[in-house]
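K.L.:
Below you will find the structure I want to go over with you.
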Amino acid sequence: MSVTGGDSRHRISVQSLREKKCKREPIVSLTAYDYATARLADEAGVDFILVGDSLAQVVLGYENTLPVTMEEMLHHMRAVRRAVHRALLVADMPFGSYHCGKRQAVENAVRFVKDGGAEAVKIEGGASRIALIRQILDAEIPVVGHIGLTPQSVHRMGGYKVQGKTAAAIDALLASAVALDRAGVSALVLEGIPREVAARISGEVATPTIGIGAGPECDGQILVFHDLAGLTFHAPPKFVRRFCNAGELISEAIRSYCDEVRGGGFPSDAESYHLPREAGRANAETTPAAAASRK
Ligand code: KIV
């Protein structure tokens, strides 16, 4: 039991992620944005749940991740927090929440912990973010790094392109990974980079690496929930595996509902409430039809 009374034996902490890397136990991560899916993910045994800024696209319908605000992220963080009891809960710092200086970054990281119940925050970017990450760590908040294809840099990258394909780009990625490792991040997301480069980084740093489009040699994997469940409206990128097609199942259910309502099949008598027998008889005598027949 923890000092706060909860059973902390099976809770995943940032320390557990390192232990898993040492024991070569793959780390399973998934995004979640609401109570129901977060609860399903937690109960299914996901180790680390990220309230990702992909919220912008998969839940809020924005074209990219750039417009999502701290308020929108916090609203979803709180719903996920209420559902998660085992997994490590990580908040994604949205675009603009840490780009205007270290003080702003620390203040927003603190909001995620105090108002959203986050146990760590994720920040996109490599070597150039080290000073800022140190400040957040100094505020006792664990940080998850994120390098490679960083969606918040979509305009600078000129689109969502696989990164780390030239010798210079590979060196820069390795340097960033080592710098983040030395700064003390708790995990490092590697997104959209060649498998061979991700394998090299994973072998060179003590920090657990979490891949998305980075091959199987990472210490763990992360997917966007809507990609895994088939709840997106575009052809998925190569690295996505749809583990089910919930979109099709849900569409089918909604079509059946429309048909049943229009055809008079829903709700049935069994799906309706009834008055008790006595009240039913009295009611029958006072219905407009009964009153009219007495005139
Ligand atoms: O926002 C997100 O979903 C992410 C993951 C893809 C790592 O950052």
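The values are calculated or read from the model by the stated rules, or taken from the named source; none is laboratory data. Nothing here was measured: the structure is a model prediction, and the numbers come from that model. With ideal geometry, Cβ positions are generated from the backbone for all residues, glycine too; neighbour counts draw on all protein chains shown.
K.L.:
Can you pull out every residue in the stretch 202-249 that is within 22 Å of LEU60 (Cα to Cα), of a type in the set (A, V, I, L, M) and surrounded by fewer than 17 Cβ atoms within 10 Å (Cβ to Cβ)?
P.N.:
ALA235, ALA246, LEU249
K.L.:
Does ALA32 fit the bill of being aliphatic (A, V, I, L, M), within 23 Å of GLY220 (Cβ to Cβ), assigned by TED's automatic domain parsing to the domain that holds TYR98 and more than 16 Å from the ligand (Cβ to nearest atom)?
P.N.:
Judged against the criteria, ALA32 is not a match.
K.L.:
Another question, if that's okay. Within the stretch 225-252, count every residue that is of a type outside the set (Ser, Thr, Tyr) and part of a helix (DSSP H, G or I).
P.N.:
Selection size over the stretch 225-252: 11.
K.L.:
Please verify whether THR65 is touching a residue at least 24 places away in the same chain (Cβ under 8 Å) and over 12 Å from the mean Cα position of the chain (by Cα), treating the condition exactly as stated.
P.N.:
Yes, satisfied.
K.L.:
For the stretch 30-59, what are the residues that are over 12 Å from the mean Cα position of the chain (by Cα), aliphatic (A, V, I, L, M) and in a loop (DSSP other than H, G, I, E, B)?
P.N.:
ALA44
K.L.:
Of ALA56, ALA38, ALA44, ALA83, which residue is modelled with pLDDT of 95 or more, touching a Phe, Trp or Tyr at 6+ places or on another chain (Cβ under 7 Å), assigned by TED's automatic domain parsing to the domain that holds GLY211 and more than 12 Å from the ligand (Cβ to nearest atom)?
P.N.:
ALA83
K.L.:
Oh, and also: Is it the case that ARG255 is in a loop (DSSP other than H, G, I, E, B) and surrounded by fewer than 22 Cβ atoms within 10 Å (Cβ to Cβ)?
P.N.:
No; evaluated as a whole, the condition is false for this residue.
K.L.:
Moving on. If you go through the stretch 12-29 one residue at a time, do you hit one that is under 23 Å from VAL240 (Cβ atoms) and within 11 Å of the ligand (Cβ to nearest atom)?
P.N.:
Yes, the stretch 12-29 contains a residue that is under 23 Å from VAL240 (Cβ atoms) and within 11 Å of the ligand (Cβ to nearest atom).
K.L.:
Counting only residues that are of a type in the set (Val, Ile, Thr) and more than 23 Å from the chain's Cα centre (by Cα), how many does the stretch 134-188 have?
P.N.:
Result for the stretch 134-188: 3.
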